[in-house]
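Scroll down for the structure; my scribbles are underneath it.
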Amino acid sequence: MKKVLELKNVHTYYGQIHALKGINLEVYEGEIVTLIGANGAGKTTTLRTISGMIHPKEGEVLFEGAAVHHLPAHLIVKRGIGHVPEGRRIFPRLTVEENLEIGAFLENDRHKVEERKAEVFDLFPRLAERRKQLGGTLSGGEQQMLAIGRALMQDPRILLMDEPSMGLAPVLVDLIFETIAELNNRGKTILLVEQNALKALQVAHRGYVLQTGEITLSGPAKELAENEEVKRAYLGG
Amino acid sequence: MLEILIQLLPSVLLEGLILGFVYAMIALGYTMVYGVLELINFAHSEIFMAGAVAGAETFILLKGVIANPFLLLALALLIGGTVAAVVAILVERLAYRPLRKRGTTNRLVPLITAIGVSFFLQDLVRLIEGLWHNAFYRRYPSFAVFEATYNLPNWIGVITIALTVWVGFWVLAYFGDWLLRRFKNRAPAKGRTLSLVAAGLTLVFLFLYRHVVFADLGMTIQMKSILVIVVSLAMLYGLNWLVHKTKLGIAIRAVAQDAQTASLMGIDPDVIVSRTFLIGGFLGGVAGVLFGLLYTLVHPYVGFIPGIKAFTAAVLGGIGNITGAAVGGLVLGMLEMLGGTYLTFLTNGAMGTEYKDILAFMILIFILLFRPQGIIGQQLGEKV
Ligand SMILES: Nc1ncnc2c1ncn2[C@@H]1O[C@H](COP(=O)(O)OP(=O)(O)OP(=O)(O)O)[C@@H](O)[C@H]1O
Ligand SMILES: [Mg+2]
């Protein structure tokens, strides 16, 4: 299988704070890989390091074999990394449709843009109904759909998702996880950060456990779900 | 007395509208840059000046070559706009971007830089003009076709009065509602309610002064004023289209709302900032040429007063708000003309039109004191 993404000994700092202390991580084509861990473990920082919003002090991020950690964010996106950021970060004063259009900023082929928009509306019919509504007026669940849809408009080779189920009602959490499985069925490679470890390990193929900036455990998702330590710390039992 | 006031009203308002369009176009440059960078580009008045001077040079240089004044004007607008846009891009590139990259968080630093850039540009243009012509005051040539006046029929006067009185009452109703809310805790009135109240008051006004209003209200307008209105409307329409219907426009708004997330969409914020300076600069340059057309004399220091007034207009409309800047420009232009004209009457000539500048600055101070978010900012609610 083809290795899509690889982190080699990545160290990231916020000023003096040593947030990532030598992360090693791999994602293969067609996989769902999940990264779980407590608050402040460094999950968001890992994703932000991959998409170039913060640059590592040491180590490498390889995308399809090429180092990308020195590139600015907008060039990393161009390589094919889509990021659904923590807290959704919808553009509040753009309409739903404009939010999607801007997701496809790099695509100059109008047909492809329309095609992808249709796919997103097919995936989330709710968004089609709210097409002309301002992003900021959507409900939390709808904003999450829009954030995912917006990243899909780039047709990325790998999708980074940062706590897509955060703050959503149980029905919507189920919907989001179904969507993740569905996207993967259609061939998307996904790196999923979650606090909902149970659901994440159910949907993922492999997983990593992150603790205060270090990977403490990794393996097939099923095995992690059975692991006593993981059960105690993240699965509530 | 009252009759004179009412008879003058349409022409005064029309003059105000024309001036207001010029302010509006300059104000857009302030507001758009503020939208993407949260920086008040005080050098924008000098970008306007560069356009005005470049336009004058175009007229003077090509007057003997091109006979058609309209074609000349078109060229001057194009060159004035382009020169201003290039200056704007260079200012961003050479002054603001290095500061941004250094991660300066102190808001005072870019502000002082902007003022420094202003002085630099004034003296640079003075130097160039001085070396070139040995004089830095330049005059727009006058053309008979531009100076020609046309009579407008009475009904335009009536409509102008009705519309502007309506706008005036609208603003009053808005303030009234705002004042009421200080005493009573209730939701702000809807825009439609305000419009209806204003329309009612306007009808009462028209009824009361019926016999005066239907007296002779003939207005005259100069060709160059018509040109200013036409060009401004075209520019505002074009900007509206650009901001709302094009990919660049959506990207500009996205960067204004959340630059970091915009970069996750593959947008290079630096490119968008540069484009924003280009657009704002072009509008400012075109405004400069129109200003020259109206007032004839331009020089390296010509930008200061219109610049600070346009800044007032941008603040009036809520800085960062595109529609607000356009409306703020028009409102300020009209207020200034009204104040300038009627102050003379009201004080029996003791205070003349020269007080209109003070009026504008008083407005600026009052807004900053009482409503820093602008008057229309909230109502129209659309930031860049
Ligand atoms: N902008 C920042 N400046 C300084 N420190 C930061 C910043 N962002 C994160 N940190 C610190 O880095 C560490 C990792 O944070 P990160 O946001 O990556 O955690 P997380 O695993 O995503 O947590 P959560 O589950 O709460 O989202 C934390 O100790 C946090 O306090
Ligand atoms: Mg996080």
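The values are calculated or read from the model by the stated rules, or taken from the named source; none is laboratory data. Remember, predicted model here, so these are calculated numbers, not experimental data. Every residue, glycine among them, receives a Cβ derived from its backbone with ideal geometry; neighbour counts consider all protein chains shown. What goes into the accessible areas is simple: the full protein's heavy atoms, side chains included, and nothing from ligands, DNA or RNA. Shrake-Rupley method; radii C 1.70, N 1.55, O 1.52, S 1.80 Å.
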Query raised in the report: What figure in square angstrom, to the nearest 10, would you give for the accessible area of A:GLU31 with a 1.4 Å probe?
Result: 10 Å²
Report summary line: By the C-alpha gyration tensor axes a ≥ b ≥ c (rounded if a/c is under 1.5, else prolate when a/b exceeds b/c, else oblate), the shape of the stretch B:185-334 is oblate
Report task. Averaging sequence separations of C-alpha pairs under 8 Å and six or more residues apart, then dividing by the length of chain A, give the relative contact order as a whole percent. Result -> 27 percent
Report task. Could you work out, residue by residue across A:97-104, how many beta carbons of other chains sit within 10 Å of that residue's beta carbon, and then give the average as an integer? Result -> 4
Query raised in the report: Considering only protein heavy atoms, what is the solvent-accessible area of B:VAL271 at a probe of 1.4 Å, reported in Å² to the nearest 10?
Result: 60 Å²
Query raised in the report: Can you run phi through the Karplus equation (6.51, -1.76, 1.60; θ = phi - 60°) for the stretch B:281-294 and list ³J(HN,Hα) in whole Hz, with x for Gly and Pro?
Result: x, 4, 4, x, x, 4, 4, x, 5, 5, 4, x, 4, 6
Query raised in the report: Across peptide B:256-262, what mean number of C-beta atoms from other chains lies inside 10 Å of a residue's C-beta?
Result: 6
Query raised in the report: For the stretch B:105-181, what is the accessible area per residue in Å², given a 1.4 Å probe and the full set of protein chains?
Result: 62 Å²
Requested in this report: With a 1.4 Å probe and every protein chain left in place, tell me how much accessible area B:TRP166 has, in Å² to the nearest 10.
Outcome: 80 Å²
Query raised in the report: At what distance in angstrom do the alpha carbon centres of the stretch B:34-95 and the stretch B:270-344 lie from each other?
Result: 14 Å
Query - Calculated P(r) tail over 30 Å for the protein assembly as shown, as whole % of Cα pairs - result: 62 percent
Query - Three-way shape call for the stretch B:1-123 based on the alpha-carbon gyration tensor, with the a/c threshold at 1.5 - result: oblate
Report summary line: Of all stretches in chain A that avoid trypsin sites (Lys or Arg not before Pro) placed in a DSSP loop and having at most 13 other Cβ atoms within 10 Å, the longest is A:58-130
Query raised in the report: To the nearest 0.05, what FRET efficiency results for B:SER142 and B:PHE119 with a Förster distance of 22 Å applied to their C-beta separation?
Result: 0.10
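State whether chain B is rounded, prolate or oblate according to the following rule on the C-alpha gyration tensor (a ≥ b ≥ c being the square roots of its eigenvalues): a/c under 1.5 gives rounded; otherwise a/b larger than b/c gives prolate, and the remaining case gives oblate. Show your work: numbers first, answer last.
Numbers: a/c = 1.84, a/b = 1.18, b/c = 1.56.
Oblate shape, in that a/c is at least 1.5 and b/c is the bigger or equal ratio.
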**Report entry** Residue among B:PHE120, B:PHE282, B:PHE207 with the largest mean-square fluctuation in a Gaussian network model of chain B, springs linking Cα atoms under 10 Å
**Finding:** B:PHE207
Report summary line: Put A:PHE63, B:PHE42 in order of accessible area, largest first, probe 1.4 Å, and you get B:PHE42, A:PHE63
Requested in this report: May I have the convex hull volume per residue, in Å³, for the Cα set of chain A?
Outcome: 122 Å³
Requested in this report: Can you tell me the FRET efficiency between A:ARG186 and B:TYR237 if r is taken as the Cβ-Cβ distance and R0 is 45 Å, rounded to the nearest 0.05?
Outcome: 0.55
**Report entry** chain B, relative contact order in percent, only Cα pairs under 8 angstrom and at least six apart counted
**Finding:** 37 percent
Query raised in the report: Protein chains only, probe 1.4 Å: how do B:TYR295, A:TYR234, B:TYR30 rank by accessible area, largest first?
Result: B:TYR295, A:TYR234, B:TYR30
Requested in this report: Tabulate in residue order the Karplus-calculated ³J(HN,Hα) for the stretch B:187-193, using 6.51 cos²θ - 1.76 cosθ + 1.60 with θ = phi - 60°, rounded to whole Hz; enter x for Gly and Pro.
Outcome: 5, x, 5, 6, x, 5, 4
Requested in this report: Leaving ligands, DNA and RNA out of it, report the carbon-plus-sulfur percent of the accessible area of the protein assembly as shown at a 1.4 Å probe.
Outcome: 62 percent
Query raised in the report: Mind checking which lysines have their C-alpha under 25 Å from B:LYS309, skipping anything on the same chain fewer than 8 residues away?
Result: B:LYS224, B:LYS356, B:LYS383
Report summary line: One finds the C-alpha centres of the stretch B:172-204 and the stretch A:65-119 to be spaced, in Å, by 43 Å
Query - At R0 = 30 Å, FRET efficiency that the Cβ-Cβ distance of A:GLU119 and A:HIS55 yields, to 0.05 - result: 0.35
Query - Summed buried accessible area for B+A [probe radius 1.4 Å, Å², rounded to 100] - result: 2100 Å²
Requested in this report: Return the long-range amide H neighbours of A:GLU58 (sequence gap of 5 or more, or a different chain), with a cut-off of under 5 Å between placed amide H atoms.
Outcome: A:HIS11
Query raised in the report: Given the options B:LEU264, B:LEU13, B:LEU28, which has the most mean-square fluctuation in a GNM of chain B, springs set between C-alpha atoms less than 10 angstrom apart?
Result: B:LEU264
Query raised in the report: For the protein assembly as shown, what is the calculated [θ] at 222 nm in deg cm²/dmol (nearest 500), taking -39500 (n - 2.57) for each run of four or more DSSP H residues and dividing by its residue count?
Result: -19500 deg cm²/dmol
Query raised in the report: Whose amide H sits under 5 Å from the amide H of A:HIS69, counting only residues 5 or more places off or on another chain, with H placed in the peptide plane?
Result: A:VAL61
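Give the ranking of B:TYR355, B:TYR34 by solvent-accessible surface, highest area first, calculated with a 1.4 Å probe.
So, going from the largest accessible area down, we get B:TYR355, B:TYR34.
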**Report entry** In Hz, Karplus ³J(HN,Hα) per residue of the stretch B:251-261 (6.51, -1.76, 1.60; θ = phi - 60°; x = Gly, Pro)
**Finding:** 5, 4, 5, 4, 5, 5, 7, 6, 4, 5, 5
Requested in this report: Starting from the Cα of A:LYS199, draw a straight line to each of the lysines and keep only those under 23 Å, dropping any in the same chain fewer than 8 residues away.
Outcome: A:LYS43, A:LYS188, A:LYS222, A:LYS231
**Report entry** Cβ neighbours within 10 Å from other chains - mean over B:235-247
**Finding:** 1
Query raised in the report: Which percent, to the nearest 5, of DSSP beta bridges fully inside the stretch A:3-234 are antiparallel?
Result: 55 percent
Query raised in the report: Among A:ALA221, A:ALA169, A:ALA200, which one moves the most in a GNM of chain A with springs linking Cα atoms closer than 10 Å?
Result: A:ALA169
